[in-house]
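Below: the structure, in structure tokens.
The values are calculated or read from the model by the stated rules, or taken from the named source; none is laboratory data. Since the structure is predicted, the reported quantities are computational estimates derived from the model, not experimental observations. No Cβ is skipped: glycine too gets one built from the backbone with ideal geometry, and neighbour counts run over all protein chains shown.
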Amino acid sequence: MPVDVILGLQWGDEGKGKIVDYLADKYSVVCRFQGGPNAGHTLYINGEKIVLHTIPSGIFRENVVNIIGNGVVLDPVTLNHEIGEIASLVPDLHERLMISDKTQLILPTHRWIDIASEAAKGKEKIGSTLRGIGPCYMDKTGRNGLRVGDLFSPNWENDYRSLKEKHLIFLRQFPEVEFNLNQHETEWFKSIEDLKRIKVIQAEYFLHEKLRNGENIMAEGAQGTMLDVDHGTYPFVTSSNTITAGVCTGLGLAPKHIQRVIGIAKAYCTRVGSGPFPSELQDEVGERLRKAGHEFGSTTGRPRRCGWLDLVQLRYSVILNGVTDLCITKVDILNDFEKVCMTTSYETANGRIEHVPFNWKDIHSVHNIELPGWNQDISGCHNYNHLPKALKGFLDQIQTHCQTPVSLLSTGPEREQLIFG
Ligand code: IMP
């Protein structure tokens, strides 16, 4: 039986959490395969807002096992807080949450290095969430990292100390950056004891058995395609492979098992942090989108930059991920717009282009098409056929441009506010 993938096609914050939560009951396992506590997946369960950073969004579905994969970087402190927040809603959490033994651990000094490195970048800041993500992945590829499975060896604290010493040598270059290491370490070691109570597994064997038994697996992406370390708006990206390919390395699953790839895109674009964003609107329309969409970071609270849907960028993401189904979210945010726009090409010194360039700075401006808005509340629509004509026209543009069907439409934050195409 297959592995289906759900991931973001823009710069993150596409509303993946809700879709994973909704679809999760069709799967016996939901896995996170990359990223870490930089992610913030927002779900509304019985009207209550919950933000998950590390725990997969299938945790609220009974009988669904949730795995934190080897491609994830895990901060035990954040995980502990998260568990505390949802404990009353998920009494059987310890039976249904498991961690790969190969998952990398974020140390307090990783966070300190993140803060120092970002400060040193000055104007070239990436806008990192400062959760220690980049430095932890650097230690992973530098072959210095500490993994969850290491915690069960008698000498792991020595390994911790020697890695910390390496970090402290590096940090001597930044004496001006303050960080209360003692306090963070105390909390970290306390959280490690709690972490050890969670089931640690060889996830690749576990998943293989599930597939052999005919069970379905869902892989839940974090961040978005344009933040992919290889194919995103480099260097303004995160440090992992956020695209479908990351599922294989981040879980130990062979490509042949992947079947559906559900790509999630918002009906407009947003981005937190710095970096290229061709269709960005730095005017009152952008401000209107931000207000209507409550576009403030769920992990950092930062205001998100807003702009029209960018079909050039979206098509690129569809190609990279092998998207089989598109899911368009936050369509309701455009309910009151008299007209809606979409970017269809970029203007460069060498003329108009319909692909993303190597150097994003080559883009001088964008060309948009303008479509009539649907100008009505769609909360009463539960069927694709009953959607306003203008909204169907908007979706047709997306399908034609991306050559991919829109199979799902999210019309509000609640679990049931979904329309199947
Ligand atoms: P880092 O992964 O925290 O180092 O951040 C790198 C870039 O990715 C920054 O621009 C962040 O704002 C952005 N980023 C990281 N995680 C997310 C996310 O879950 N949603 C949206 N943007 C993110």
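Identify all residues within the stretch 346-400 that are among the charged types (D, E, K, R) and in a strand (DSSP E or B); write none if there are none. Spell out how you get there, then give the answer.
Within the stretch 346-400, the first condition is being among the charged types (D, E, K, R), and the residues that meet it are 347, 352, 354, 361-362, 370, 377, 389, 392, 396.
Of everything in the stretch 346-400, those that are among the charged types (D, E, K, R) and in a strand (DSSP E or B) turn out to be Glu347, Arg352, Glu370.
Of the residues making up the stretch 288-307, those that are more than 14 Å from the ligand (Cβ to nearest atom), in contact with an Asp or Glu (Cβ under 9 Å, 6 or more places away or on another chain) and either in a strand (DSSP E or B) or among the charged types (D, E, K, R) (or both) are Arg288, Gly307.
Here's the yes/no breakdown for (1) modelled with pLDDT under 95; (2) in contact with a Ser or Thr (Cβ under 7 Å, 6 or more places away or on another chain):
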| residue | (1), (2) |
| --- | --- |
| Thr238 | no, no |
| Thr242 | no, yes |
| Leu253 | no, no |
| Tyr268 | no, no |
| Asp283 | no, no |
| Lys291 | no, no |
| Thr300 | yes, yes |
| Arg315 | no, no |
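If you take the residues of the stretch 247-277 that are more than 16 Å from the ligand (Cβ to nearest atom) and assigned to a loop (DSSP other than H, G, I, E, B), which of them is farthest from Val5 (Cα to Cα)? Checking each candidate, the answer is Ala267. Could you identify the single residue in Met218, Met226 that is crowded, with 24+ Cβ neighbours inside 10 Å and within 15 Å of the ligand (Cβ to nearest atom)? When all the criteria are applied, what remains is Met226. Note on the stretch 247-270: residues that are under 12 Å from the mean Cα position of the chain (by Cα) and within 20 Å of His53 (Cβ to Cβ) total 1. Considering only residues in the stretch 24-36 that are within 17 Å of the chain's Cα centre (by Cα) and not in a strand (DSSP E or B), the one that is nearest to the ligand (Cβ to nearest atom) turns out to be Gly36.
Of all residues in the stretch 251-300, those satisfying the criterion of being under 23 Å from Lys123 (Cα atoms) and aliphatic (A, V, I, L, M) are Val272, Leu281.
Only one entry of Leu97, Leu79, Leu130 meets the criterion of being farther than 26 Å from Asp4 by Cβ, of a type in the set (A, V, I, L, M, F, W, C), within 20 Å of the chain's Cα centre (by Cα) and modelled with pLDDT of 95 or more, and that entry is Leu130.
Condition check: surrounded by fewer than 24 Cβ atoms within 10 Å (Cβ to Cβ) and within 11 Å of the ligand (Cβ to nearest atom). Does Thr244 satisfy that?
On the way: surrounded by fewer than 24 Cβ atoms within 10 Å (Cβ to Cβ): yes; within 11 Å of the ligand (Cβ to nearest atom): no.
Judged against the criteria, Thr244 is not a match.
Which one of Glu157, Glu124 is over 16 Å from Val229 (Cα atoms), more than 15 Å from the ligand (Cβ to nearest atom) and either modelled with pLDDT under 95 or of a type in the set (Asp, Glu) (or both)? Don't jump to the end; show me each part of the working.
Numbers: Glu124 fails: more than 15 Å from the ligand (Cβ to nearest atom).
Criteria check complete, one pass: Glu157.
Taking the listed residues Arg111, Arg143, Arg131, the one that is within 16 Å of the ligand (Cβ to nearest atom), in a loop (DSSP other than H, G, I, E, B) and basic (Lys, Arg) is Arg131, with no other qualifying.
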